[in-house]
Amino acid sequence: MVVRGGDRGFVTRARRWLAHGFLMGLIAGSLWLTGTQAQASGERVVPDLRNDPQAPGRRAAVRMRIAVTLHVATMGDRPALDPRRLERAMRRANEALRQFGIEVFVARVALMPEGFAEIKHRRHRRALAGFAPSDGTVHVFLVDTVELGSLLRADRGVRGLHWRYRGLSRKLRNREYVVLGNDAPATTLVHEIGHLFGLEHDLGRQNLMCSCREGPQQVFTRAQGVEIRRGAAQFISRIRG
């Protein structure tokens, strides 16, 4: 269990959550989906993302396995996002990504301090970057509410976003992450991962990169799959460098 925040009350609540099995259920669900071990300790472990033929639960077609760190925002005495939504999102992401030799798996779960359940403004998005170092994993923040607000634009509710730092600060260089809101459908995670790996929006309503996607089965095109593989390789190269 990675506990951040430092206040005694927060530590007490984190222990109580473990006792009730909320976060361990979240981890267990992700383990069932990927057949992979997850880290739930304060130890800084960088998963080896190289091609490992001995990795448990791995299909022959998978060439790149991408580790995910989950950051769970808190709302009083409960996590901000229903763990069942995460299970569906991880399953849906791997259904789409395995077609192109990529698999994502939960490597770590970290509790966030209070105050991050609502991500509404630019300052909130920049603050999340402090929890997302270039450590070999895709950082996914599970929150309650996501809005795109700034001083020049009215707030607009969204279900998820991909954020990448583009400024000059060395401290934040190469930092990027994904945010999921509590109302995000199962396809939002893989949509934002698509952005992280370099895909732009698509106008096809049955395409996973369409903002207004609909239909029984949204997919990536073959050309998008080529771009995803290239972007995933660049992501791994960037975080190793």
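The values are calculated or read from the model by the stated rules, or taken from the named source; none is laboratory data. No experiment lies behind these values; they were computed from the predicted model shown. Reconstructed Cβ throughout: ideal geometry from the backbone, glycine too, with neighbour counts over all protein chains shown. Accessible surface areas use protein heavy atoms only, side chains included; no ligands, DNA or RNA. Shrake-Rupley method; radii C 1.70, N 1.55, O 1.52, S 1.80 Å.
What to note about this one:
- Largest-first ordering by accessible area, 1.4 Å probe, given options ARG164, ARG123: ARG123, ARG164
- Förster radius 22 Å - calculated FRET efficiency between ARG156 and ARG126 (Cβ-Cβ, nearest 0.05): 0.75
- Ranking by accessible area, most exposed first, for SER169, SER237 with a 1.4 Å probe: SER237, SER169
- Sites ARG222 and ASP183, calculated FRET efficiency, Cβ-Cβ separation with R0 25 Å, nearest 0.05: 0.20
- Taking amide hydrogens as placed 1.01 Å from N in the peptide plane, the amide H of VAL138 sits under 5 Å from those of ALA67, VAL68, THR69, each at least 5 positions away in sequence or on another chain.
- For ASP82, the solvent-accessible surface with a 1.4 Å probe is about 50 Å², rounded to the nearest 10.
- Segment 58-152: mean projected area of Cα convex hull, nm²: 7.3
- For segment 117-241, the solvent-accessible area works out to 52 Å² per residue, with a probe of 1.4 Å and every protein chain left in place.
- LYS120 contributes about 50 Å² of solvent-accessible surface, heavy atoms of the protein only, 1.4 Å probe.
- Percent carbon-and-sulfur accessible area, segment 112-241, ignoring ligands, DNA and RNA, probe 1.4 Å: 49
- Nearest-10 value in Å² for the accessible area of GLU114, using the 1.4 Å probe: 100
- Distance between modelled label sites at LYS171 and ALA233, nm, 7 Å Cα→Cβ extension: 3.6
- Close amide H contacts of MET75 (hydrogens built in the peptide plane, cut-off under 5 Å, sequence separation of 5 or more or a different chain): ALA80.
- D_trans [Stokes-Einstein, Kirkwood Rh over alpha-carbon pairs] for segment 108-241, 10 °C, 1.306 mPa s, µm² s⁻¹: 101
- Accessible surface ranking for ARG170, ARG126, ARG91, 1.4 angstrom probe, highest first: ARG170, ARG126, ARG91.
- As computed over segment 169-241, the Cα convex hull volume per residue (Å³): 107
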